[in-house]
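Accompanying notes for the structure given below.
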Amino acid sequence: MTSQRVPGTPATADATGAADAVRTVLLAAASYLSEHGWNQDELYAHTHSASPAACTVGALSMVCYGYPAEVPAFNVTHPGFQDFDAALFHLDCYVTETFGYRVGGVLGFNDTPGRTAADVLAMLRDATSWVPGPAWANVPRCDCGDRMLLDTEEPYCVTGDEWHNDLYVGRFFTCRTCGQDEFVGATDPDDRATVLAAFREWVLQRPHEGDPHVAGTCDDCDVCGRYCFCTADVTCVLHSESDDTCSAWFTPGQPSSGTAAGAALGGAE
């Protein structure tokens with residue numbers, strides 16, 4: 001199916017959920033999977049079938065294009081592409097924020113071992129009532145044409161230096177098709193605070209080398225030497241050798257100076 005919205009015109013949005021056209025596609029995909037079956041690891045169970053069992057992305061393809069498109073994300077000449085692209089983007093953002101960046105978007109969620117059809121149907125229906133926040137306002141599209149996802153290794157970056165109070169705060173996105181990545185800065189104040197707090201949480205969970213030690217206090221640990229671990233009780237190795245300059249991590253989650261770079265949790269894990 002395709003919506004009756006004229007291509008190129010904005011979809012109307014409901015304050016309590018997804019845009020109308022996106023909601024229509026998501027509910028249609030859930031109905032398709034309920035009727036024709038759900039599949040893992042492949043877009044379609046049988047491409048020779050007119051209505052094959054499908055994975056989540058395959059179901060979006062079926063309801064937007066009407067047939068099992070071989071590469072749905074690049075089916076740009078089809079009149080249903082705009083609806084497919086918007087629905088997949090909405091789902092990728094919803095899955096990442098709800099289940100964590102390590103899931104790997106919709107495809108990763110679908111193919112996770114132990115996942116069930118009931119899980120997928122619930123995800124599709126719950127996504128219809130989700131409203132994207134500022135974190136998803138500037139997700140880039142790769143040069144190859146596919147949407148990018150938050151990088152599964154280092155999705156966020158916070159970096160600065162001890163002589164300036166300004167920090168570069170933002171996200172790293174990676175194309176799942178060709179691997180190209182891109183940094184996008186966070187400018188919304190609330191979004192920046194989210195990135196900063198999540199970055200702090202990620203830093204404190206890094207695996208350390210050598211004998212057991214308090215995070216940030218071991219000169220022989222590469223992680224201690226790369227990331228700031230200052231707390232109210234500890235001035236980390238990174239800063240104790242720099243004129244006793246205490247990192248802004250002294251107040252967890254609210255840095256204003258110091259040097260730190262890395263990734264952060266991108267949602268519940």
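The values are calculated or read from the model by the stated rules, or taken from the named source; none is laboratory data. Quantities reported herein were computed from a predicted structural model and do not represent experimental measurements. For neighbour counting, all protein chains shown are included, and Cβ atoms are generated from backbone atoms with ideal geometry for every residue, glycine included. All accessible areas refer to the heavy atoms of the entire protein, side chains included, with ligands and DNA or RNA removed. Shrake-Rupley method; radii C 1.70, N 1.55, O 1.52, S 1.80 Å.
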Using a ≥ b ≥ c from the Cα gyration tensor of region 81-220 (square roots of the eigenvalues), is it rounded, prolate or oblate, where a/c under 1.5 gives rounded and otherwise the larger of a/b and b/c decides, a/b for prolate?
prolate
Expressed in nanometres to one decimal, the distance between label points 7 Å along Cα→Cβ at Arg102 and Asp126 is 1.8 nm
Stretchable slack from Arg226 to Ser51, in nm (0.36 nm times residue separation minus alpha-carbon distance):
57.8 nm
Rolling a 1.4 angstrom probe over the protein heavy atoms, how many square angstrom per residue are accessible across region 186-238?
54 Å²
Computed over region 124-210: relative contact order in percent, which uses C-alpha pairs under 8 Å that are six or more apart
24 percent
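Cβ neighbours within 10 Å, averaged per peptide: list 207-218, 144-155, 80-91, 104-115 in order, most packed at the top.
Ranked from most to least packed, the peptides come out as 80-91, 144-155, 104-115, 207-218.
Could you work out how much longer the chain between Ser34 and Arg206 gets when fully extended? Use 0.36 nm per residue separation minus the Cα distance between them, nm to one decimal.
57.8 nm
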